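Read through the structure below, which is laid out as structure tokens, and then see the notes.
Taken together, the values in this text are just the output of simple stated rules run on the coordinates, not laboratory data. It should be emphasised that the depicted structure is a prediction, and the values quoted were computed from it without experimental measurement. Note that we place each Cβ from the backbone using ideal geometry, even for glycine, and neighbour counts take in every protein chain shown.
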Amino acid sequence: MVVKPVVVALSRSGEDVAHRVAAALGALVHGREGRIVRADAFFPDALEHVRGLFAAGVPVVGVCASGILIRAVAPMLADKQTEPPVISVSDDGGVVVPLLGGHRGANRLAKVVAEAMGGVAAVTTAGDVALGVSLDEPPEGWVLGTPNLAKGAMAVLLAGDGARIGGEEAERARWLVGLPEGDGVRIAATMRPAVAGALTFHPQRAALGVGCARNCPPEELAGLVAEVMAESGIAAGAVKAVFTIELKADEPAILDLATGLDLPLRLFDAAELEAEAGRLATPSDVVFAEVGCHGVAEGAALAGAGPEATLWIPKRKTANATVALALASEPIVEMRGRPRGRLSVVGIGPGQAAWRTPEVSRFISEAEELVGYGLYIDLLGPLAVGRKRTDFPLGGEEERCRYALERAGEGRNVALICSGDAGIYAMAALVFELLDRGPKAQGVSAAARRVEVVCSPGVSALQGAAARAGAPLGHDFCAISLSDLLTPREDILKRLRAAAEGDFVIAFYNPVSMRRRTLLAEAREILLQHRPEDTPVMLASSLGRPDEHIRYRRLADLDVDEVDMLTVVLVGSSHTRLAMLGEGPRMYTPRGYARKIDGDLAGVSDACGAEFGPEENRFNEPSGAQTSRAMNTMKDGA
């Protein structure tokens, strides 16, 4: 999915221009709080907001000074081949400057904006300025087959030497017509493999249609495709995509093939392929009886190449695979068929953008639809604006996951939004459970079971709380949910007793609810049987949000009424300390380095005649004494 740009407006003087630019691009306007009156979304910090958009792969058009955008993204610059376009526009719209991503659409975007505003696109990319084209960024429908030659060819052309364009596809390479003529650079426009020493461009006129039996060996299909491509004489770069029937959306051999060829996979249903029956070279009643169309490989190739296409290589087959190749009359610009659906199950952390990973932000920015508990989608702020969203209440978890899978099963790119980490007491496990059940056991449809499911990690509540506290998870720890809605109460108590006896640091999730108030108190009593009364406990509520509240208590003083469903409770082990260090209390659990040091020193003493006298070691001070001192120095509720 192509991610739409966002127009960022920072000042009232540029607000009207921002909306005109957005209208020209079909984009949204994000405005600075307190300065912009009208916008689709608002943000408080310009640098952080632009940085977040950039990390998510969103093209940014900033109506502001170039320096602001430069300072925002400078720490994140790494690879010019992957970074999204960044463009600055003056407040009056007179000057448009592509700052980054010139060869990934920024130059074209700048020209569109400049034309709409009646301004000037300050394009500085040498090829665009001197020649009007960028040889390493051919237009849609063409690929550069010899990227290693592009830089040298451009240097020759800029030095004043011309180019000579040849190849059987030269007449279709109309975008190269403006190049100066000469013998400095040889350019070949061809469907065939790259010409030695020539800058070669391939028109993507070929469509590769494939079919196979279930669990076909990947090497069998790949080998057949290699044979067909060799027979055709067509370069791999001239192939637009791999096309097949939607029943094969999850076929490992086909997925491996598309990945290995670095080509998109597009799908047609049986009715769409049957519409091509009159053009098939080898129609099959057997295939029709099996899948509802008279040919998969040939039909998919022809459907992918378009109504004017012809079969270049009719169906070739092995025991388990079929392959065909069709040619379009012109380079294929509009991709036919639908993509394989994708469900991204993402954890957004506790809520603040700074704790959200770039990968999660990218999956969200690419999604056509956001699904989740309404509060969690709200926490995305501007990143959710302009996208279709479907909210579900608390308690609607199964309906939420089923809906997301079914929407992805229709070929959509869907993001299922979870707080914290999607795999920790969140929706990822339920997604896979529904897929594993199957349709007959109240699972999901066959189409939903064929989607791509990706999980992206987030900062969990226990990690966020631990970071705020110091390092309470520095040694062995566990997490226990105190919700008995889905887990029998006796199972929870059994796990509590085991964790207490094992002396684990424990993170309690779902500690209380409106009706469930007793399990946390029971947990406290069980733990007090195995660790001191003054074992430190951290209560962390609304982590990463404006109303974040952190406080520490002794285990014996843990009060259920202080805890709600937005609170994570961290209970230390018998070794956990709470100390006043630097800015305030710090809760940490030592791993035993002090004992190792003592042992090492004892060895040295034995060898060297006991040079080191006895000395009090603060690391060996009992947990309770240190915790009590820290508690005594803190105000209540600190």
Would you compute, for the Cα atoms of the chain, the largest minus smallest coordinate along each principal axis and list the three values in descending order, in whole Å? 87, 65, 63
Over region 206-338, what is the percentage of antiparallel beta bridges among all DSSP beta bridges, to the nearest 5? 65 percent
Can you give the three extents of the C-alpha atoms in region 227-331 along their principal axes, from longest to shortest, in whole Å? 34, 31, 22
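Could you put 76, 117 in order, starting from the residue whose Cβ has the fewest other Cβ atoms within 10 Å?
76, 117
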Once phi is turned into ³J(HN,Hα) by the Karplus curve 6.51 cos²θ - 1.76 cosθ + 1.60 with θ = phi - 60°, what whole-Hz value does each residue of region 21-37 show in order, with x for glycine and proline? 5, 4, 5, 5, 9, x, 10, 9, 10, 10, x, 6, 4, x, 10, 9, 8
Nearest-ten-degree value, helix 428-437 long axis tilted from longest Cα axis of the chain: 60 degrees
The chain: angle of helix 519-528 to the longest principal axis, Cα-based, in degrees nearest 10: 60 degrees
Got the relative contact order for the chain handy, in percent, Cα pairs under 8 Å and 6 or more residues apart? 8 percent
Packing-ranked peptide list from 330-339, 203-212, highest mean Cβ count within 10 angstrom first, is 203-212, 330-339
In this model, which of 111/388; 240/315; 248/315; 4/248; 151/240 are farther than 22 Å apart at the alpha-carbon? 111/388; 4/248; 151/240
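Please compute the volume of the convex hull spanned by the alpha-carbon atoms of region 6-124 and report it per residue in Å³. Write down the numbers at each step before the final one.
On the way: hull volume 10.1 nm³, N = 119.
Once divided by residue count, the hull of region 6-124 is 85 Å³.
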Derived scalar couplings ³J(HN,Hα) [region 277-289; Karplus, 6.51 cos²θ - 1.76 cosθ + 1.60; whole Hz; x for Gly, Pro]: 4, x, 9, 6, 8, 9, x, 9, 5, 5, 5, 4, 5
Packing-wise, with mean Cβ within 10 Å as the measure, how do 428-437, 6-15 rank, highest first? 6-15, 428-437
Output needed for region 142-203: three equivalent-ellipsoid semi-axes, defined as square roots of 5 times the C-alpha gyration tensor eigenvalues, in descending order, whole Å. 17, 13, 9
Please give the length that would be gained between residue 41 and residue 161 if that part of the chain were fully extended, namely 0.36 nm times their separation in residues minus their C-alpha to C-alpha distance (nm, one decimal). 38.2 nm
Quick one: work out Rg over Rh on the C-alpha atoms of region 159-277, Rh as Kirkwood radius. 1.11
Taking only Cα atoms of region 364-516, what ratio of Rg to Rh do you get with Rh as the Kirkwood inverse-distance radius? 1.01
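Mind pulling up the Rg/Rh value for region 470-588? Radius of gyration and Kirkwood radius, both on Cα.
Values: Rg = 13.7 Å, Rh = 14.4 Å.
Result for region 470-588 is an Rg/Rh of 0.95.
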Extension reserve of the residue 335-residue 222 stretch, reckoned as 0.36 nm per residue once the Cα distance is removed: 38.4 nm
Once both axes come from the Cα atoms, what is the angle between helix 623-633 and the longest principal axis of the chain, in degrees from 0 to 90, rounded to 10? 90 degrees
Sequence-distant residues sharing a close amide H with residue 192 (under 5 Å, placed H): 235
